[in-house]
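Written below as structure tokens is the structure these notes are about.
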There are 2 protein chains.
Amino acid sequence: MAVIKQFGSSCKLVPEPSILDVFQDVERGRSKFGVVPVENSSEGSVNLALDLLITSDLKVSGEIYIKIIHSLISREEDIKDIDCIFSHPQAIAQCRGWIQRNLPAREIIETSSTAEAVKMAGQKKRCAAIGNEIAAHHYGINILVREIQDSPFNSTRFFVLGKEIPERTGRDKTSICFTTPHIPGSLYRALEPFALEGINLTRLESRPTRERPWEYHFFADMEGYITDERLKRAIEELRNRVEFIKVLGSYPMGEREDK
Amino acid sequence: MAVIKQFGSSCKLVPEPSILDVFQDVERGRSKFGVVPVENSSEGSVNLALDLLITSDLKVSGEIYIKIIHSLISREEDIKDIDCIFSHPQAIAQCRGWIQRNLPAREIIETSSTAEAVKMAGQKKRCAAIGNEIAAHHYGINILVREIQDSPFNSTRFFVLGKEIPERTGRDKTSICFTTPHIPGSLYRALEPFALEGINLTRLESRPTRERPWEYHFFADMEGYITDERLKRAIEELRNRVEFIKVLGSYPMGEREDK
């Protein structure tokens, strides 16, 4: 869904089994762009994607926000005929309230993905899957009830990975990663250049480094394009204040769907 | 293992199936203390524990570091007699190099916990589990090979939950949670009081708020006790600069095992 939102439905989709495979596909030139989830509005960061960004030469060249919509998908035409529900544990958790109100005491079978759940519900009578509309269309199965998730605020943010940074649009974001020295006030000093230049940090996230226990990389997203004067000055000053810094990319701001 | 390290082996252990159950057990007075994982040195935060700390009235009254040691546990006495390995997916991932070198091409069966794996390996011939020594002793099974994890730096940090904050020891830490207003430089301004007072932040972690999409709570750990003059001044000043602040607790610094 993220790929179609960003690139349109006529682009060639190459599904990969894992986030690592998406990185490798783009690195080896088999795909021009890759799309990986980086953050969910209720669950937080996708750790593997952040960790791979530190070592990969790929650039973040876009961001995509997708509102997560779960629907009840089944061969049956009446919700009363459903005895059993398939879905991924996270989707089941996100629809728990709806299930308790509308389909209490049904057997729940966990699957490895919501797509797998939809496929299985297509093969069996008296069953339903919790999944998305695209999977329902793909397997040619009915959507019985739309939007059954409990929270209206559930979105996932994706990064587009490419070999180059796209041109400035005037409404851009920049993502960086850095490591601070182990002295009091070092993170404060790292954020100072951005505050002095009036740059809005939209996110700051820490991840443990793999090399040394209990040390952290910080991931920061901010408004602005990498060649904007104020942003350039802030990043140049940051270089003097941190042990490691990497610019991950600059890209057009994605359109949020949850406002 | 964390409970035994902190409270000794004579304390009464009450196992609970989930982190939420541990919180509730202490809140309802069924247990005096609870122990929950909050952070792993390679995998990062335990999201559920952080989210529950925001709303719970419990205090963080201790921290415990445990080095993760995986061992090969089996009824067999020779590694050559092993056809099949049970373990939790995370433990399997953490021993992948060792398995490839020493037990290549064996069937690997994923279990819900390493304790469950050890139990199963105790019931079947020609099988081994990857798990910890306590489980091996509990089920009376041999440890065939000790410390088979690939990385020597793999530790988990636990919080002790209680109804009160313990007394000052002189080597303490304090944990807080706060939310910054949505203006440029607000996180920088939130960290300033700590930098000015020379307080060492040992960790800063962000978690999405459940109420509003793409807004974050920050979790900060720092050196010092909550009534120390400088720390008290810094937190008082922080109150003027943030939308929400909660002191989660003050507690004696835990002893790390990975140095």
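The values are calculated or read from the model by the stated rules, or taken from the named source; none is laboratory data. Everything numeric in this text was worked out from a predicted model, so none of it was measured. Don't worry about glycine lacking a Cβ; one is built from the backbone with ideal geometry, like all the others, and counts go over all protein chains shown. Each accessible area value is taken on the protein alone, full model and side chains, heavy atoms only, with ligands, DNA and RNA left out. Shrake-Rupley method; radii C 1.70, N 1.55, O 1.52, S 1.80 Å.
From B:K67, B:K80, grab the single residue that is surrounded by fewer than 21 Cβ atoms within 10 Å (Cβ to Cβ), more than 14 Å from every other protein chain (Cβ to nearest Cβ) and farther than 30 Å from B:E215 by Cα.
Criteria check complete, one pass: B:K80.
Could you give me the residue pairs with C-beta distances under 7 Å whose first residue belongs to the stretch A:94-112 and is open to solvent by less than 50 Å² (accessible area, probe 1.4 Å), whose second residue is among the charged types (D, E, K, R) wherever it lies, and which are 6+ apart or on separate chains?
What qualifies is A:Q94/A:D150; A:C95/A:D150; A:G97/A:D150; A:W98/A:D150.
Taking the residues in the stretch B:17-42 that are in contact (Cβ under 8 Å) with a residue 12 or more places away in the chain, open to solvent by 60 Å² or more (accessible area, probe 1.4 Å) and of a type in the set (D, E, K, R) as candidates, determine which candidate is farthest from the other protein chains (Cβ to nearest Cβ).
Per the criteria, the residue is B:K32.
Checking the structure you have, find out if any residue of the stretch A:52-64 is under 22 Å from A:S113 (Cα atoms) and surrounded by 21 or more Cβ atoms within 10 Å (Cβ to Cβ).
Yes, there is a match, as at least one residue in the stretch A:52-64 is under 22 Å from A:S113 (Cα atoms) and surrounded by 21 or more Cβ atoms within 10 Å (Cβ to Cβ).
Applying the selection to the stretch B:155-172, what residues are under 28 Å from B:E243 (Cβ atoms), basic (K, R) and out of contact with any Asp or Glu (no Cβ under 6 Å at 6 or more places or on another chain)?
B:K163
Would you check if there is a residue in the stretch B:140-154 being buried (at least 22 other Cβ atoms within 10 Å of the Cβ) and either among the aromatic types (F, W, Y) or within 14 Å of chain A (Cβ to nearest Cβ) (or both)?
There is no residue in the stretch B:140-154 that is buried (at least 22 other Cβ atoms within 10 Å of the Cβ) and either among the aromatic types (F, W, Y) or within 14 Å of chain A (Cβ to nearest Cβ) (or both).
Search the stretch B:172-189 for residues being part of a loop (DSSP other than H, G, I, E, B) and out of contact with any Ser or Thr (no Cβ under 9 Å at 6 or more places or on another chain), and hand back the single one that is least open to solvent (accessible area, probe 1.4 Å).
Only one residue fits best here, namely B:G185.
From A:I143, A:I183, which residue is over 28 Å from A:D258 (Cα atoms) and β-branched (V, I, T)?
It is A:I183.
Can you tell me which residue is nearest to the other protein chains (Cβ to nearest Cβ) among those in the stretch A:167-188 that are β-branched (V, I, T) and closer than 22 Å to B:P193 by Cα?
A:I183
Those residues that are in a loop (DSSP other than H, G, I, E, B) and open to solvent by less than 50 Å² (accessible area, probe 1.4 Å), I need them from the stretch B:190-233; list them, please.
B:E197, B:G198, B:I199, B:N200, B:T209, B:P213, B:W214, B:E215, B:G224, B:Y225, B:I226, B:D228 - these are the residues of the stretch B:190-233 that are in a loop (DSSP other than H, G, I, E, B) and open to solvent by less than 50 Å² (accessible area, probe 1.4 Å).
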